[in-house]
1. Among the residues of the range A:312-350, which ones are among the aromatic types (Phe, Trp, Tyr) and touching a residue at least 24 places away in the same chain (Cβ under 8 Å)?
2. Scan the range B:180-210 residue by residue and report those that are of a type outside the set (Lys, Arg), in a strand (DSSP E or B) and out of contact with any Ser or Thr (no Cβ under 8 Å at 6 or more places or on another chain).
3. Looking for whichever is in contact with a strand residue (DSSP E or B) (Cβ under 6 Å, 6 or more places away or on another chain) and among the acidic types (Asp, Glu) here; the options are B:416, B:373, B:381. Which one fits?
4. Quick test for you: out of B:78, B:101, pick the one residue that is within 14 Å of another protein chain (Cβ to nearest Cβ), more than 23 Å from residue B:10 (Cβ to Cβ) and part of a strand (DSSP E or B).
5. Filter the range A:309-350 for residues that are small (Gly, Ala, Ser) and either touching a Lys or Arg at 6+ places or on another chain (Cβ under 6 Å) or at positive phi (or both); which is least open to solvent (accessible area, probe 1.4 Å)?
6. Which residues, taken from the range B:212-233, are out of contact with any strand residue (DSSP E or B) (no Cβ under 6 Å at 6 or more places or on another chain) and among the polar types (S, T, N, Q)?
7. Kindly indicate which of A:90, A:112 is closer than 30 Å to residue A:239 by Cα and exposed (fewer than 14 other Cβ atoms within 10 Å of the Cβ).
8. When the range B:311-353 is examined, which residues are found to be charged (D, E, K, R) and farther than 25 Å from residue B:268 by Cβ?
2 protein chains.
Amino acid sequence: MQKEFIEIKDLYRKKEEYVGKTVNVAGWIRLSRASKNFGFIELNDGSFFKNMQIVIAEDKLENFKEISKLPISSSILVEGELVSTEGAKQPVEIHATKVVVEGESDSSYPLQKKRHTLEYLRTIAHLRPRSNTFSAVFRVRSLAAYAIHKFFQDRNFVYAHSPIITGSDCEGAGEMFRITTMDLNNIPKNEEGNIDYSKDFFGKEANLTVSGQLNAEIMALAFRNVYTFGPTFRAENSFTQRHASEFWMIEPEICFADLEDNMELAEDMIKYVINYVMENAPEEMEFFNNFIDKGLLDRLNNVVNSEFKRLTYTDAVKILQESGHEFEYPVNWGDDLQTEHERYLTEQIFKAPVFVTDYPKDIKAFYMRMNEDGKTVRAMDLLVPGVGEIVGGSQREEREEKLLERIEEMGLNKEDYWWYLELRKFGTATHSGFGLGFERIIMYMTGMSNIRDVIPFPRTPKNAEF
Amino acid sequence: MQKEFIEIKDLYRKKEEYVGKTVNVAGWIRLSRASKNFGFIELNDGSFFKNMQIVIAEDKLENFKEISKLPISSSILVEGELVSTEGAKQPVEIHATKVVVEGESDSSYPLQKKRHTLEYLRTIAHLRPRSNTFSAVFRVRSLAAYAIHKFFQDRNFVYAHSPIITGSDCEGAGEMFRITTMDLNNIPKNEEGNIDYSKDFFGKEANLTVSGQLNAEIMALAFRNVYTFGPTFRAENSFTQRHASEFWMIEPEICFADLEDNMELAEDMIKYVINYVMENAPEEMEFFNNFIDKGLLDRLNNVVNSEFKRLTYTDAVKILQESGHEFEYPVNWGDDLQTEHERYLTEQIFKAPVFVTDYPKDIKAFYMRMNEDGKTVRAMDLLVPGVGEIVGGSQREEREEKLLERIEEMGLNKEDYWWYLELRKFGTATHSGFGLGFERIIMYMTGMSNIRDVIPFPRTPKNAEF
């Protein structure tokens, strides 16, 4: 039956093909106003951001009365002529000759015309995708995800699924969730009275991944260029607008490639994704620009058209110190940059996205390549106006003995990294990679300021509804 | 630096562009044989299934001796002329004029020329992607994943990320993993002495998802056509070749669409993915056909070119009963079909993929649409030769009161389904969907018979290595 119902998107995009013809559409009533013998229904079928206006008239429709009184969100099947309406707000409308009720809604439907707060809408996550805002957000999310796949696949990258369940917490990127099938009322203990994880499902402690990078490196050293794109987790009790317990991450890893290649890849990717979304969701982007974030399109066009700047952490610190600007946190070489510093650099100094490179080793991860100076590592963070850090990456330490040194220096257990070290033993190669938090770029592209509003069913402390 | 090194794939595919020119490649030595002053290196750079033959000669290469003795898996950077070799096994080779050692391998490298068992290779999952078999498997996996995205996106489906962490075990599709951040040595208890889950991270019991379907229905009732593609989990202690604890699943959900639309979509999708992989990985597919599964390409071509059959469960039972074939398990109306029954239908009776529809309600899930007969539901399973069931789906029960009846009949708690029921209250619509186990189709397309060999880092009972 689905094919009978033309997508409203097609009626807009291929208007010429259908005007003057009888068409069938199926969708949900977003708005309805009728006088005694005449009325309009704004119908949305989910295929397109915009509604189709359905004109209903008593003399054309035997069940006019019933249809004109249907509550918002009722689903209906409509047959009628597609009529061109040049000059009107919408380019076409349907003059209905037959309307069948598919599912009458209840008048208690909570998404009535009046505006709701985003907080309230989170409590009805099963209905909010029907609102303009979330319809736009989740379509952009879908298109951006596809753009990322297309970008990498067109460049012959291999999509690698890194594991979600990990037997180690080697990455050290954050607090982890424990996974178990043990009976928590009766946890198996060994003779010393300690928990006997050998009795657990995986025979040892198991957690949810915080990063697929180390696994991606395995794949890059076989396939040259790879990327991961999957869910990652943080068991942090943080209630900020920017943190969720479950989010998606993209982690490309490229071989025979240094930090310069890495920055170029990140820049190309960001520009590609933004362009793809602007081209494929113009109505949604216009909506965000008008109703969510006034300067959005200007900002995105600026990013797409600017050359991303590159400077070292040491230079960045110098610029910040010499700026004369009063920061809440002082700027000292050796300390991590705060969001205020990052935003000042990208928004005030450069007015463009900026790569900051070569951070002090002590504030970065063990696997980043040591520079000649023995003090900094080949790390990079990409800072963008309006957000701050959006990408973090590095050239990886490919030298076995240097890597081992860092592992020992940081008090890590080298046995945990046996296979990671072996990658450096059996044909190591210069390689680099970065991580992009998927929700970060969605927030950036939509202007939505809370991560809970760019994930269909967000997970945060004390919240795993739906 | 990466751009200096042309991908070996390009040298094969765009041979004409490069023959006679000096090219640079970077890769790993797969094979090396040399006499005193002359030799060949089979170089693989990960971009392509096939190796590039590098010809090295003492009079052209000042470090000939060093290079000719490099262990397998060493990585090298090669400069030389691309030479056409018509009639030889490979169409081109590189006559090296300069070779730089990037990373010398150790002679203990375990992937030497001799054949290894698949079991052994699983213990070196960090190196097995460098073997022919796994290079082919994981590239096919990547291409198939992309084909799935492309198939749905080209049809205007919205990619919906369903949550990995769920606060309920509503789906009832299988055993679940518990997620917690409680201190297992000191589990918080309430006054009655029961575990106090309100103190846990999410404020209640939380598990890893077994299916994103119910969430996908939310999205379909807003966007018309959606799909999920993400990891799902089963905490089942099963050690079969076909079960893993962590695997990826695709779950499309379509609105204003009945079981016929659903079958058509599944058929189109399966054919599309197979075609895409055969077109984009011809070398890999030939390898599988020659070395893993002799009849593979014939079988896949047969699937792509055949009209999938459709019959009801009741007719299937009749056919099986009348076949005269002796089955291990008897065929009785009301019992689930066993793999032997499924394979007999698709391989012996129809010699083509078969949709079996309208199963007895008692062997199917609560959300499937009840038929007029009150005994069967609008379910479908797709059976394919060589495997049996590969897709399972249904038209969903869109009628609130019927759904409620089934929830109560099956002893489920209707409060757990409040939002799922509300979808039927606020503009319900005919809708359908199915699930495809991603690894199942990879196994099907590669001929690999163990699911552990189509997942880069498989998770199974007692195993979460790498």
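1. Matches in the range A:312-350: A:313, A:333, A:344, A:350.
2. Result: B:195, single match.
3. Unique residue meeting the criteria: B:381.
4. Exactly one residue qualifies, and that residue is B:101.
5. Checking each candidate, the answer is A:334.
6. Within the range B:212-233, just B:215 meets the criteria.
7. Result: A:112 is the single residue among A:90, A:112 that is closer than 30 Å to residue A:239 by Cα and exposed (fewer than 14 other Cβ atoms within 10 Å of the Cβ).
8. B:318, B:322, B:326, B:328, B:335, B:336, B:340
The values are calculated or read from the model by the stated rules, or taken from the named source; none is laboratory data. Note that this is a predicted model, so its numbers are computed, not measured. Don't worry about glycine lacking a Cβ; one is built from the backbone with ideal geometry, like all the others, and counts go over all protein chains shown. Remember, those area values only see protein heavy atoms, side chains included, never the ligands or the DNA or RNA. Shrake-Rupley method; radii C 1.70, N 1.55, O 1.52, S 1.80 Å.
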